């Protein structure tokens, strides 16, 4: 079999090395040479052989790790390892085109909308890092790529009856679980913030909680860190009466450094698992714990969502809720607020329509 002949042209890179451009036809060679010359003029290193896998490691080490906690790094790694690197990790960054990104998104077509959005966001960050470091001139993750998939179901806050049932079941299980539930439900703490709350951050006189630490799960164990999830996460929260009483009872009963007693991986996971074991059903409604105290599913973030919904129901404005939840921008808060506001307006509209057509107020 005759071997394929290629046309070749050599270009000299800024480091003095030669870069050989090859193509099957003169037209293809001219196009490749023109593109390479343009990239050279823009300061791009056309001899760079960095793969996407190698670039992501550099990006994580120098761009992300100094800014986020190890749990976030772990989640980024999971996203990339499962859904991106198997398809483009071995390719040179310079060789990746929109068609390769389309392959990644095609393979992710059955994933949830939030997961697809995370994939695109991470890839855009990595390729922007490549642009900033003169590896490529243009990102292959173009504006045509949008997250698809099924949007997440709207979270419905717990009802008054569900809150009472949850508090009773948690208290019967133990003081550590009870105070953990109270911190999430009546202060809106994230799971890690509740597990990492120490007594030096609780001011009984001023009735405030200062969020300054969180508990982060590592493979090596549990870490208490002052590196919080967002810039807005460090905040001072008022303590309502029901939470104040729970904290006082817990303080009299324990001498641990943390409020809920989570001092290691085992104790922290035990508390969160106890919450799961209170529920007879899982997130999909399937029965998993027959005879459990609760006939509905509860997770720590739902308690935080219930906290936010109650604030909105009592008239707290968007900026107040944003601060109390520790969001950096109003955007995340607005997603919850918009759903609540829509439901509230629907109820108000229904009441007005009903009043308008009552027999005593109608001319009909």
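Derivation of every value follows stated rules applied to the coordinates shown; laboratory data play no part. All values reported here derive from a predicted model rather than from experimental measurement. Here the Cβ positions follow ideal geometry from the backbone for every residue, glycine too, while neighbour counts run over all protein chains shown.
Which value in deg cm²/dmol, rounded to the nearest 500, describes the helix-derived mean residue ellipticity at 222 nm for the chain, given -39,500 (n - 2.57) per DSSP H run of n ≥ 4 and division by the residue count? Numbers along the way, then the final one.
Working: 14 runs with 179 residues, N = 364.
For the chain, the value works out to -15500 deg cm²/dmol.
Shape summary of the stretch 160-346, radius of gyration then Dmax from alpha carbon positions: 16.4, 50 Å. Taking label positions 7 Å along the Cα-Cβ direction at both residue 150 and residue 220, the computed distance is 4.0 nm, reported to one decimal.
Cα centroids of the stretch 245-265 and the stretch 272-300: 24 Å apart. The share of alpha-carbon pairs in the stretch 106-176 lying farther apart than 21 Å comes to 56%.
Just round it to a whole percent: the fraction of Cα-Cα distances in the stretch 52-132 exceeding 17 Å. That tail contains 42 percent of the Cα-Cα pairs. For the chain, the antiparallel share of DSSP beta bridges with both residues in that region comes to about 95%. Roughly how many Å is it from the Cα centre of the stretch 159-232 to that of the stretch 106-123, as a whole number? Cα centroid of the stretch 159-232 versus Cα centroid of the stretch 106-123: 31 Å apart.
Give, as ranges by residue number, the residues of the stretch 49-79 whose backbone N falls under 16 Å from the point 7 Å along Cα→Cβ of residue 234. Residues passing the 16 Å test: 67-69.
Quick one: compute the contact order of the stretch 206-364, relative version, from alpha carbon pairs under 8 angstrom and 6+ residues apart, as a percent.
Values: 144 pairs, mean separation 28.1, N = 159.
Computed over the stretch 206-364, the figure is 18 percent.
Compute log10 of I(q)/I(0) for the stretch 236-296 with the Debye formula, placing one identical point scatterer on every Cα and leaving out solvent, at q = 0.25 Å⁻¹, to two decimals. After summing over all Cα pairs, the log10 values are -0.97.
Using only Cα atoms, find the angle between the long axis of helix 300-313 and the longest principal axis of the chain, and express it within 0 to 90 degrees, rounded to the nearest 10. The angle comes out at about 70 degrees.
Per 0.36 nm of contour for each residue apart, how much would the distance between residue 350 and residue 5 grow if the chain were fully extended, relative to their Cα-Cα spacing?
Details: separation 345, 0.36 × 345 = 124.20 nm, distance 7.64 nm.
Fully extending the segment from residue 350 to residue 5 adds 116.6 nm.
Write down Rg/Rh for the chain, rounded to two decimals, with Rg from the C-alpha atoms and Rh from the Kirkwood relation over Cα pairs.
Details: Rg = 27.5 Å, Rh = 24.8 Å.
Radius of gyration relative to Kirkwood radius: 1.11.
Built from the Cα atoms of the stretch 190-252, the convex hull projects on average onto 4.8 nm², one quarter of its surface area. Just need the relative contact order of the chain here, percent rounded to a whole number, with Cα pairs under 8 Å and 6+ apart. Reported relative contact order: 13 percent.
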